[in-house]
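Notes follow the structure.
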Amino acid sequence: MSPHNFPVRVFYEDTDMGGIVYHANYLKYCERARSDWVRMLGLDQNAMREQGIVFVVRRVEADFLGAARLDDELVVRTETISVTGARLVMSQEVLREGKPIFRAEVTAACTTTGGQPVRLPAELRRQVH
């Protein structure tokens with residue numbers, strides 16, 4: 001499967017007192033990109049939740065490689081590393097002018113709304129293999 005690219009523009013509210021993107025916002029950008037990617041795959045997370053199933057992030061390993069600033073145009077690139085019946089591992093990079101300024105490896109899973117593990121949706125597993 002080809003990488004999913006999600007554009008992000010840095011707004012004033014994203015920056016800290018030094019005028020650079022606050023570190024936690026990179027995780028927000030990545031979350032938005034993952035949500036958009038799932039939507040592009042045709043999965044309706046609202047319908048999943050109504051059926052009692054939600055995605056959860058189990059693990060994140062992140063590296064901060066550079067700094068973004070107000071009005072920067074960024075791209076969050078998401079690629080699948082591996083998928084099993086219950087777990088999806090993705091590589092995510094935040095790029096500025098094609099160069100990575102943030103990298104993360106994210107492990108996601110599905111649970112019931114009560115927190116019990118369940119298999120990833122079959123449609124997701126089919127599309128990302």
Among the residues in the stretch 83-104, are any at pLDDT below 95 and loosely packed, with under 13 Cβ neighbours inside 10 Å? yes
Restricting to the stretch 1-43, what's the tally of residues that are within 15 Å of V75 (Cβ to Cβ), in contact with a strand residue (DSSP E or B) (Cβ under 7 Å, 6 or more places away or on another chain) and outside any helix (DSSP H, G or I)? 9
Among the numbered conditions (1) at positive phi; (2) surrounded by 13 or more Cβ atoms within 10 Å (Cβ to Cβ), tell me where F64 comes up short. (1)
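The values are calculated or read from the model by the stated rules, or taken from the named source; none is laboratory data. Everything numeric here is computed off the predicted structure, so don't read it as measured data. Every residue, glycine as well, gets a Cβ built from its backbone with ideal geometry; the counts of neighbours run over all protein chains shown.
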